[in-house]
C-alpha cells in the first residue's frame, strides 16, 4: 500500500521576509566574487542533505535516501550522489589557529601587558633589557615555530607594525587581519555561522535562550554615528578583553579535564547605513 505524502506547510511569512533580508548582503558578496546562482544552488543542495542527515535523524533507525529526499525536497539520485561525496574540511588556515593563540596571550598574560593592561610593544630582537620580546611571545605558544616567520606573515597581514624603536606593536587587540583573504574568509564563515546559529536556536525555542542583543537607532547625522562607532569600539574591546583574559585562565584550568568538550564565541559588530538603503525604521534595543 502506497504511503501518502502530504505537501509541506507554507513557511511563516515573517521568516521568509527575514530570509530575504539576510540573504541580500550575502548575494552581494557572492556576485562580487563571481559566485553564480547555479554554483550556490549546488552548494546549498549538499548542505541540505548534510544537515538533514546529521541533525534530523531518528534514534536507532538508519537515515534512508528516501527519507532525506522527503525532508529536503531534493531528488533521490542527487541525495545518493551527495552522500557519497566527501565533506570539505572546515579547519582554519594555519596562520589563523596560531595567530589567535598568540594574540590571546599578548592581550591577557601579565608579562605581555603594560601598566594600563594593554598589549605592550615587544622588542623585535632579544637584547640587554629585561623585557619580553616577540620571540618570548611566540615561544610561549610553540618552541617549534620561528618567531621571524610569524612576524613576516603578520606584517604582510597588517596585524602588527614595527615602530621607530624597533619594537613590534599590535595593530588591533584581536586577531583581525587587514589583508589576507583566506584568513578574513575564515572569520566571515565562523562568526556569521555562530551568530545565525544563536538566532536560529532562539527562534526555534529549543532550549534556554542564548545571548543575542543589539542597539539600533535611525535619523542620526554622520557625526553622531561616528561618535557612537568610537564608543562602541572602546566599550566593545573592553568587553572582549575581559572575556579573553578570563577564558584563557579557564582554558588553562580545564586542560586535561574530560568534560572540556565545549567551545564559545562572543563577538561584536557595528553597522552603519543610509536610511534610504535600509528598510528598518525602528529605534531602541533588542
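Please give the number of the condition residue 282 fails out of (1) surrounded by 12 or more Cβ atoms within 10 Å (Cβ to Cβ); (2) at pLDDT below 90; (3) outside any helix (DSSP H, G or I).
Answer for residue 282: the failing condition is (1).
Hey, among 56, 98, which residue is at negative phi, assigned by TED's automatic domain parsing to the domain that holds residue 139 and at pLDDT below 90?
Exactly one of 56, 98 is at negative phi, assigned by TED's automatic domain parsing to the domain that holds residue 139 and at pLDDT below 90, namely 98.
Do the conditions hold for residue 182, that is, is it surrounded by fewer than 14 Cβ atoms within 10 Å (Cβ to Cβ) and either part of a loop (DSSP other than H, G, I, E, B) or within 22 Å of the chain's Cα centre (by Cα) (or both)?
Considered against the rule, which asks whether it is surrounded by fewer than 14 Cβ atoms within 10 Å (Cβ to Cβ) and either part of a loop (DSSP other than H, G, I, E, B) or within 22 Å of the chain's Cα centre (by Cα) (or both), residue 182 comes out as yes.
Any idea how many residues of region 204-227 are free of Cβ contacts under 8 Å to residues at least 40 places away in the same chain and either out of contact with any helix residue (DSSP H, G or I) (no Cβ under 8 Å at 6 or more places or on another chain) or surrounded by 11 or more Cβ atoms within 10 Å (Cβ to Cβ) (or both)?
Looking only at that region, the number is 14.
Those residues that are part of a loop (DSSP other than H, G, I, E, B) and touching a strand residue (DSSP E or B) at 6+ places or on another chain (Cβ under 8 Å), I need them from region 68-119; list them, please.
107
The values are calculated or read from the model by the stated rules, or taken from the named source; none is laboratory data. Just so we're clear, the structure is a prediction, and the values are computed from it rather than from any experiment. All Cβ positions, even for glycine, are placed from backbone atoms using ideal geometry, and neighbour counts span all protein chains on display.
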